[in-house]
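Data block below; observations after.
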Amino acid sequence: MIIVVIYFEPFLIIQHEIQKFPSSKQIAVIVNDSDPLSIKIATYYQQARNIPAENIIHVNFKSEKDFLDSETFENIFKFVKENTPSQVQGYVLTWMKPYRVGCMSITMAFATGYDLEFCPKKIQGIKCKIPKNNPFYAQHGVMPWNDYKLRPTMLLAAETFDLAKELIDRGVASDSQQPDGTAYLLSTSDKNRNIRARKYDEIQKKWYSSKLQVKVLNQDFLLNEKDVMFYFTGKAHVKHLDTLKFIPGAVADHLTSFGGQMKSAEQGGQMSSLRWLESGATGSYG
């Protein structure tokens, strides 16, 4: 809780400002000591974000594969929990691989523990089934461990240290800023991935900000926009990212099943969320 003391003659008013985001003491960084890039990213992130030394948790496992089996993860997770300071509310993982544990994303596995109920299943030919609800979804608190016994987890992923450093620096540069920018909500030709579009008009009507405008566009991609704060679309691949300028702190995603696969562009398939980060976004999801 931050206490702000404001003086108005002849009264003294004490205003309590609700904490809006975790402090550095409430974040733990998990580093894989067998991965030199993980160590380098963790060290820089710790310095940039002033993470206490006791919040750096060292694990050791082979990082060549895209996934961990559930047994290996359970052993790692047990060690992490035992060495997590009680005030910690969230984790940062400083590696690109593995990004999956069994049928779960590795971030969700660290947040909640390995739980098959969070895995979508095929039922009667239907490819996707809604998994177990995340209890932290749409909540406004910043103490998820205290309130829900889960620690939201971020994968600080990059193919090189330079890309990771740029990503971290953009995050730091965005702190306490209220930049002018635009939220671009694209309704695309891809019916399977355009499910969010039905809410776009409602969002635009309810959004009140002199700093951030919301644009709902019926098109498949943006081109040459220089004020991107949010970019939400629905496509397996998003073109022309190299023509855009993302504001520090910008968030973007393309709502595709395999966006969370941390892979290079040369590997093909659906676009990885890494392409957003490499193009200048500060956060993505997949």
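The values are calculated or read from the model by the stated rules, or taken from the named source; none is laboratory data. Just so it is clear, the structure is predicted and the values come from calculations on it, not from any experiment. Virtual Cβ from ideal backbone geometry, glycine too; neighbours counted across all protein chains shown.
Free of Cβ contacts under 8 Å to residues at least 24 places away in the same chain, closer than 30 Å to Ala48 by Cα and either in a loop (DSSP other than H, G, I, E, B) or assigned by TED's automatic domain parsing to the domain that holds Ala28 (or both) - does that describe any residue in segment 96-113? Before you say what the answer is, go through the steps one by one.
Looking only at segment 96-113, we keep the residues that are free of Cβ contacts under 8 Å to residues at least 24 places away in the same chain, and these are 103-104.
Checking which are closer than 30 Å to Ala48 by Cα leaves us with 104.
From the residues that got through so far, the ones that are either in a loop (DSSP other than H, G, I, E, B) or assigned by TED's automatic domain parsing to the domain that holds Ala28 (or both) too are 104.
The answer is yes; a qualifying residue exists.
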Quiz item: Mind checking which pairs have a first residue in segment 143-165 that is over 16 Å from Ala281 (Cα atoms) and a second that is among the small types (Gly, Ala, Ser) and outside any helix (DSSP H, G or I), Cβ under 6 Å, 6 or more apart or different chains?
Solution: Asp147/Gly141; Arg151/Gly90; Pro152/Gly90
Quiz item: Out of curiosity, is Asn83 within 30 Å of Leu116 (Cα to Cα) and in contact with a strand residue (DSSP E or B) (Cβ under 8 Å, 6 or more places away or on another chain)?
Solution: yes
Self-check item: Complete set of residues in segment 28-54 that are touching a Pro at 6+ places or on another chain (Cβ under 8 Å) and either in a strand (DSSP E or B) or not assigned by TED's automatic domain parsing to the domain that holds Gln87 (or both)
Solution: Ala28
Quiz item: Can you tell me which residue in segment 69-95 is farthest from Ile51 (Cα to Cα), limited to those that are among the aromatic types (Phe, Trp, Tyr) and part of a helix (DSSP H, G or I)?
Solution: Phe73
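Here's a check for you: in segment 144-167, which residue that is under 15 Å from the mean Cα position of the chain (by Cα) and not in a loop (DSSP other than H, G, I, E, B) is surrounded by the fewest Cβ atoms within 10 Å (Cβ to Cβ)? Show your work before the answer.
The first filter runs over segment 144-167 and keeps only residues under 15 Å from the mean Cα position of the chain (by Cα), leaving 151-158, 164, 167.
Then drop every residue that is not not in a loop (DSSP other than H, G, I, E, B), which leaves 153-155, 164, 167.
On the way: Thr153: 19, Met154: 16, Leu155: 23, Ala164: 23, Leu167: 20.
It comes out as Met154.
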Quiz prompt | Sole exception among (1) surrounded by 16 or more Cβ atoms within 10 Å (Cβ to Cβ); (2) modelled with pLDDT under 95; (3) farther than 20 Å from Val31 by Cβ for Ser105, by number | solution = (3)
Practice problem: Only one of these is touching a Leu at 6+ places or on another chain (Cβ under 9 Å), crowded, with 17+ Cβ neighbours inside 10 Å, in contact (Cβ under 8 Å) with a residue 12 or more places away in the chain and among the polar types (S, T, N, Q): Ser284, Ser272, Ser264. Name it. | Solution: Ser284
Quiz item: Any idea which of Tyr184, Tyr231 is surrounded by 19 or more Cβ atoms within 10 Å (Cβ to Cβ), of a type in the set (Ser, Thr, Tyr), within 22 Å of Tyr137 (Cβ to Cβ) and not assigned by TED's automatic domain parsing to the domain that holds Arg100?
Solution: Tyr231
Quiz item: Name the pairs: first residue in segment 188-216 and on the phi > 0 side of the Ramachandran plot and exposed (fewer than 11 other Cβ atoms within 10 Å of the Cβ), second residue among the hydroxyl-bearing types (Ser, Thr, Tyr) and not in a helix (DSSP H, G or I), Cβ to Cβ under 6 Å, at least 6 apart or on different chains?
Solution: none
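Report yes if some residue within segment 76-96 is over 25 Å from Arg193 (Cβ atoms), at pLDDT below 95 and not polar (S, T, N, Q); otherwise report no.
Of the residues in segment 76-96, the ones over 25 Å from Arg193 (Cβ atoms) are 76-95.
With the extra rule that they be at pLDDT below 95, the set shrinks to none.
The answer is no, given that none of the residues of segment 76-96 is over 25 Å from Arg193 (Cβ atoms), at pLDDT below 95 and not polar (S, T, N, Q).
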